[in-house]
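The block underneath contains the structure these notes are about, expressed in structure tokens.
Nothing in this text is a laboratory measurement; each read-out follows from the coordinates by a stated rule. These figures come from a predicted structure and were not determined experimentally. Glycine also receives a Cβ, built like all others from the backbone with ideal geometry; neighbour counts cover every protein chain displayed.
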Amino acid sequence: MLLRFADAVDAATTRVASAASWLQPVLVAVLIVNVVLRYGLGRGFIELEELQWHLFAATVLLGLAGTYAEDAHVRVDLLHQRLGPRGKARVEGLGALLLLLPFAAIVTWWAVDFFLRSWRLAERSPMPSGLPARWVIKGVFLLGMALLLLQAASAAARSLARLRER
């Protein structure tokens, strides 16, 4: 049962991360257009500046959980290489339970209000020509953190399943 849960979460988060990766070519195109307009024609656009950071943030936020699911995150752990499968499962499980799960749960909890307040106010950029719906990126933040929370639960479940194996 634990592995079925972990497999379902892993599949969902990697699909979201894969879909989010398609924002990268869009981001590059926006960057190129912005550079050409600003330095080639001497004309800058706040909308393009804001769109750049929205696209970058969406890519990172929606890719976090999938990167963790694929074990493609940066690992600075000198012990991990030397541990056997059970030792790795212990370290991974404890890290997920004691560090990542509480962090992701707290940030997700606060992100709900962060998003809902922005949505209720129909928050927009403070710049006159900025993007009209600031709540969208705040919703992406909430979604990214919720996916990371699920992925942390998946990692803990997978580690527990490995530790239960004989």
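Dividing the mean sequence gap of close Cα pairs (under 8 Å, 6+ apart) by how many residues the chain holds gives a relative contact order of 36 percent.
If I take R0 = 30 Å and measure r between the Cβ atoms of F5 and W110 in this structure, what FRET efficiency does the formula 1/(1 + (r/R0)^6) give, to the nearest 0.05?
On the way: r = 25 Å, r/R0 = 0.84.
In this case the efficiency is close to 0.75.
Helices meeting the span-like rule in the chain (full DSSP H runs, Cα extent of at least 30 Å along the helix axis, mean Kyte-Doolittle score of 1.0 or higher): 134-164. Using the Cβ-Cβ distance between R38 and V60 with R0 set to 25 Å, the FRET efficiency from 1/(1 + (r/R0)^6) comes to roughly 0.55.
In the chain, a dipole from Cβ-located charges (positive for Lys and Arg, negative for Asp and Glu) runs towards its positive end, and of A65, S21, G40 it is A65 whose Cα lies farthest in that direction. Rounded to the nearest 500, the helix-only mean residue ellipticity at 222 nm of the chain stands at -24500 deg cm²/dmol, with each DSSP H run of n ≥ 4 adding -39,500 (n - 2.57).
When peptides 143-150, 31-38 are sorted by average Cβ neighbour count within 10 Å, with the highest value leading, the order is 143-150, 31-38. Between G130, A6, L51, the Cα set farthest toward the positive side of the dipole of the chain (charges on each charged residue's Cβ, about the Cα centre) is that of A6.
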